[in-house]
Amino acid sequence: MLKDDNIFIDKNSYEKIWEVVINPTIQDYQNRYSEIVVSYNAKEAIWQEYVNLNRHVKLTYMRDAGGKLDRHKVCACYMYAIIKANVLSCRLADSDTEQSYLALNENLAITVGMSVLRAFVLSSINCNEELSEATKASLGKRVDDGIIFPDCNHGDYRNNFASELHYTKKENNYNVLSLANILFLLEIHTLQTEAVHKQGKNKNATNKKKSKRK
């Protein structure tokens, strides 16, 4: 389980997220479904897509391209990187096996995104000196089971989320800011309060337009 947002900074740090979340999730899929095929360069492909997305967001939307992205944008970049890399496929895509095969990359992206977001949230809670220990414990408990999805009037939220990611790839319309906003709202929904920030947050990692940082 991811515990600290310092693991998301560089390539060496990516090794941790691969080891703790991405690879175990892929192996779980392979154990459950024998027809799954994993790209030979899956690890590097996801990393390269993440680097490209991260750079694009910094150069396009940030006041200071050398600053850090906030946690919601980082998670969005990881999710879209997995979708773009498209590292999972099925030998028998037209077979009678479960339809979940058709959303392998989408579900992997959701699992990774929610795991990374949870780690960021816990780090922000624990590093915020303005919060009492009791408040930290209360907020931390709300993410014990991960990021919580809301109930839907139609269908299941995770399935709907996977469908959205599927059409994002199909239409080649990767809007990191839009996905980051969804992740922000999921965080608020899970914590049942406003977002928790670390003290001394990086003021450079903001949109070029003078809008409030999430």
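The values are calculated or read from the model by the stated rules, or taken from the named source; none is laboratory data. For clarity, every value in this text was computed on a predicted model and none was experimentally measured. A quick note on method: Cβ atoms are made from the backbone with ideal geometry, for glycine too, and the neighbour counts reach across all protein chains shown. Calculation scope for accessible area: heavy atoms of the full protein, side chains included, ligands and nucleic acids excluded. Shrake-Rupley method; radii C 1.70, N 1.55, O 1.52, S 1.80 Å.
Among residues of segment 55-91 being open to solvent by 30 Å² or more (accessible area, probe 1.4 Å) and among the hydrophobic types (A, V, I, L, M, F, W, C), the one that is modelled with the lowest pLDDT is A65.
Which one is nearest to K84 (Cα to Cα), of the residues in segment 152-167 that are assigned to a helix (DSSP H, G or I) and open to solvent by 60 Å² or more (accessible area, probe 1.4 Å)? Only one residue fits best here, namely H166. Taking the numbered list (1) among the charged types (D, E, K, R); (2) open to solvent by 60 Å² or more (accessible area, probe 1.4 Å); (3) closer than 18 Å to D70 by Cα in turn, E187 passes all entries but (2).
When segment 126-151 is filtered for residues that are outside any helix (DSSP H, G or I), under 16 Å from T190 (Cβ atoms) and either of a type outside the set (A, V, I, L, M) or open to solvent by 100 Å² or more (accessible area, probe 1.4 Å) (or both), the ones remaining, listed by number, are R142, D144, D145, G146, F149, P150, D151. Which residue pairs have Cβ atoms under 6 Å apart, sit 6 or more places apart or on different chains, and have a first residue in segment 51-67 that is small (G, A, S) and a second that is part of a helix (DSSP H, G or I) and at pLDDT below 95? From residues that are small (G, A, S), the pairs are A65/K58; A65/L59. Out of K209, K203, K198, one residue alone is modelled with pLDDT under 95, charged (D, E, K, R) and open to solvent by less than 70 Å² (accessible area, probe 1.4 Å). It is K198. Pairing residues of segment 31-47 that are part of a helix (DSSP H, G or I) and open to solvent by less than 40 Å² (accessible area, probe 1.4 Å) with residues that are charged (D, E, K, R) and modelled with pLDDT of 95 or more, at Cβ distances under 9 Å and at least 6 apart in sequence or on separate chains, gives A45/K84; I46/K84.
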